[in-house]
Amino acid sequence: MSQWLALTLAMAAACAVVLAIVVINHRRVGEDDDPTQTPDVMEYMTMMIGVVYAIVLGLAIAGVWEGRGAAQESVRLEAQALHEVVARSEVWPAGVRERIGADVDAYVRHVVGPEWRAMAERGEVTARGDELLGRVRRTVSEYRPADAHEAGAYQPLVDQVAAADDARGLRADSAGATMPGVVWFGLVAGALVAVGLIFALQIRRTFRELLLAGLYSALIAFLLFLIWSIDAPFGRGVSATTEPFLHHFPHLGD
């Protein structure tokens, strides 16, 4: 099932449940019931709970979006560092340069392929990726420069490999879901309370009230789905992409 279909079904289900409850509740209300008698304090409490929940939703969206941005930045830093490794190795002999290029290509090909799928499905990086990056590190660190010109590129190359390793660690930390289970419990419980409180205002079956009740419940369903979609930076709809790797290594995207 596509995520857009899941979103549509979730919003439709939220609207259907709320409207069904409104209709059933209206049938149970006596003819002498006066909806204008809702206490002012009830309206105030309903408004305040809605405002508080809106703030919580906003903070949750900002948090998961920041996590998604950090994940994408770690990908960019890793790709840039690996590109610098290949570029700075140009001053070394052809044989060493080709080995470094081949090792980097093998690592990047694994990252944008099997490892990316592993992050999406299991929220973790692979041991094979660690092994391939270790091979790049060994190829760089084991070479002994033949002159001062080659020696000048040695330490920057080692530093760039270390930067790629550090960015990989950040990517691994961002691979899983960012929202704790207790926060999800609070968001879902808050949604139930926020939607449930609209019935305390004794809404009727007029078109305007039914429309507003349906739109309100659909909006909350959409915002919860948006948080869920961004929550796993590498695994769902609004996720980090492999574009930085493919930008620096376009030949691996064929």
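The values are calculated or read from the model by the stated rules, or taken from the named source; none is laboratory data. Keep in mind the model is a prediction, meaning the values are calculated, not measured. Note that we place each Cβ from the backbone using ideal geometry, even for glycine, and neighbour counts take in every protein chain shown.
Are any residues in region 47-76 of a type in the set (A, V, I, L, M) and surrounded by fewer than 18 Cβ atoms within 10 Å (Cβ to Cβ), and if so, which ones?
Pass one, region 47-76, residues of a type in the set (A, V, I, L, M): 47-49, 51-52, 54-57, 59-62, 64, 70-71, 75.
Hits for region 47-76 are Met47, Met48, Ile49, Val51, Val52, Ala54, Ile55, Val56, Leu59, Ile61, Ala62, Ala70.
Looking at region 88-138 only, could you name the residues that are touching a residue at least 60 places away in the same chain (Cβ under 8 Å) and of a type in the set (Gly, Ala, Ser)?
Matches in region 88-138: Ser89, Ala120, Gly123.
Does Arg138 satisfy the criteria of being over 30 Å from Ser229 (Cα atoms), modelled with pLDDT of 90 or more and charged (D, E, K, R)?
yes
Given the conditions (1) under 30 Å from Val111 (Cα atoms); (2) at pLDDT below 85, which single one is not true for Arg205?
(1)
Does Val52 satisfy the criteria of being modelled with pLDDT under 65, in a helix (DSSP H, G or I) and more than 30 Å from Asp165 (Cβ to Cβ)? Spell out the reasoning first.
Values: modelled with pLDDT under 65: no; in a helix (DSSP H, G or I): yes; more than 30 Å from Asp165 (Cβ to Cβ): yes.
The answer is no for Val52.
Give region 100-114 a look and list any residue that's more than 16 Å from Glu131 (Cβ to Cβ) and either outside any helix (DSSP H, G or I) or not β-branched (Val, Ile, Thr) (or both), or say none.
Gly101
Provide a single number: the residues in region 145-198 that are of a type in the set (Asp, Glu) and either under 27 Å from the mean Cα position of the chain (by Cα) or closer than 25 Å to Ala213 by Cα (or both).
3
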